[in-house]
Amino acid sequence: MNEALNGVAWGRPSICSALQYRDIETQIAAMHERGGRINSINKHSRVSMSSPPIEITFPDIRRWASGNTGLDYVWSFRGSLPGPHVCVSALVHGNEVCGAIATDQLLDALQGRATVKRGTLSVVFANVDAYHAFDVEKPFESRCVDEDFNRLWREDTLDGSRDSKELRRARALRAHFDQVDHLLDLHSMLEPAPPIALAGDTAKGLALARAIAIPEHILVDAGHAAGKRLRDYAGFADPNSAKSALLVECGQHWERSVGEFACDVMWRFLRHFDVLDSVPFALVDKPIRAQRVIDISQVVTVNTERFQWVRPLLGLETIAQAGTLIATDGVSEIRTPHDDAVMVMPVPHPKVGQTAVRIGRFRA
Ligand SMILES: [Zn+2]
């Protein structure tokens, strides 16, 4: 358990979780006074034993609450030259902090150190209610408040009469996203795995992923049975539209590198569209690996309460043999549909109706 707490980063906590953080911070300080050992175990460290350590600092995004667009937490900046409207969205899932780290840095830069040169640049903190509900004792529960914000982006869902906190926010943001030409949607993953770009199933989505050049892995897929993602909304996924979108999963939710990776992707995205007069932080051109494309051949959606994995799967692990049993779902067996099946973002405890895993193959 010491390792679990040692990984926690203490910087500027979010207001929502400041109490919990201060509580742990006090305990950490007491630990140091005792000589670096944790002798008594507190409620937080018990949780940390079953949850990944929180290695990142949650930015205090309340300073961006007013926005400048008439929408809370939505900012927009216009350049003097004509150009596209590019948008970076964060917190579509409330506990996926990396996007908030990146956009917090971007908005900071736009307070004087950087200027939008052409077109329009906007920043959206999407599910802020979920972010503010983050509880270190239940870190997985603040993905959303009522329902998954990233399954609401069909027109009939948005136009329908159903109500939820997320639907209200999605409906409020819809007109903004209707104005966006190119979207970068920053996410993170439940389980540790290499970052992965979700390009959708159009050529333009793949072209955008390749233009950004990171991450190494690009997923070509059509989404989830449970509903449409923001990255697939309207023109973003229409092959006849010039609009495009890219969703990037930057790593495990709270691992140390996740915010840095989100920043890297964001600066590259903005450089690609030549948005800023300068990139305010040195964009280090680290050596990057050739990208590999994974085509999805099967999306496994949970049908019964009795869904069970045969064994835990790792993100992007490859199972060599076709027909290998990976899970059972009631009386159904789920087997790999072909040789060299790549397991994409397996969910340890998926619920009925959710995607349990996407199975793909590396494109030759
Ligand atoms: Zn997400």
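The values are calculated or read from the model by the stated rules, or taken from the named source; none is laboratory data. None of these values were measured; they are calculated from a predicted model. Cβ: placed from backbone, ideal geometry, glycine included. Neighbour counts: every protein chain shown.
Working only within the range 70-94, note down all residues that are more than 22 Å from the chain's Cα centre (by Cα) and surrounded by fewer than 17 Cβ atoms within 10 Å (Cβ to Cβ).
Gly70, Arg78, Ser80, Leu81, Pro82
Select, from Ser122, Ser161, the only residue that is under 23 Å from Cys250 (Cα atoms) and either more than 16 Å from the ligand (Cβ to nearest atom) or outside any loop (DSSP other than H, G, I, E, B) (or both).
The match here is Ser122.
So which residues in the range 147-156 are within 22 Å of the chain's Cα centre (by Cα) and assigned to a helix (DSSP H, G or I), if there are any at all?
Result: Phe149, Asn150, Arg151.
Which residues, taken from the range 294-335, are part of a loop (DSSP other than H, G, I, E, B) and closer than 11 Å to Val357 by Cα?
Passing the criteria: Val302, Leu313, Leu314, Gly315, Leu316.
State whether the residues of the range 205-220 include one that is within 16 Å of the ligand (Cβ to nearest atom) and among the β-branched types (Val, Ile, Thr).
Scanning the range 205-220 turns up no residue that is within 16 Å of the ligand (Cβ to nearest atom) and among the β-branched types (Val, Ile, Thr).
Looking only at the range 167-190, count how many residues are among the acidic types (Asp, Glu) and within 16 Å of the chain's Cα centre (by Cα).
Selection size over the range 167-190: 1.
Which condition number does Asp185 fail, the rest of (1) part of a helix (DSSP H, G or I); (2) within 16 Å of the ligand (Cβ to nearest atom); (3) crowded, with 19+ Cβ neighbours inside 10 Å being met?
(1)
Of a type outside the set (Val, Ile, Thr), within 16 Å of the ligand (Cβ to nearest atom) and surrounded by fewer than 21 Cβ atoms within 10 Å (Cβ to Cβ): does that describe Asp129?
yes
Could you list all residues from the range 95-126 that are among the hydroxyl-bearing types (Ser, Thr, Tyr) and surrounded by fewer than 21 Cβ atoms within 10 Å (Cβ to Cβ)?
The answer is Thr115, Thr120.
Residues in the range 273-295: is at least one in contact with a Pro (Cβ under 7 Å, 6 or more places away or on another chain) and either surrounded by fewer than 13 Cβ atoms within 10 Å (Cβ to Cβ) or under 29 Å from Gly94 (Cβ atoms) (or both)?
yes
Within the range 316-328, does at least one residue satisfy the condition of being under 21 Å from Glu191 (Cα atoms), of a type in the set (D, E, K, R), touching a residue at least 40 places away in the same chain (Cβ under 8 Å) and not assigned by TED's automatic domain parsing to the domain that holds Gly205?
no
Residue by residue through the range 336-364, note down the ones that are without any contact (Cβ under 8 Å) to a residue 40 or more places away in the chain and not in a loop (DSSP other than H, G, I, E, B).
Within the range 336-364, just Met343 meets the criteria.
Output the residues belonging to the range 75-111 that are among the polar types (S, T, N, Q) and not in a loop (DSSP other than H, G, I, E, B).
Ser76, Ser89, Thr103, Gln105
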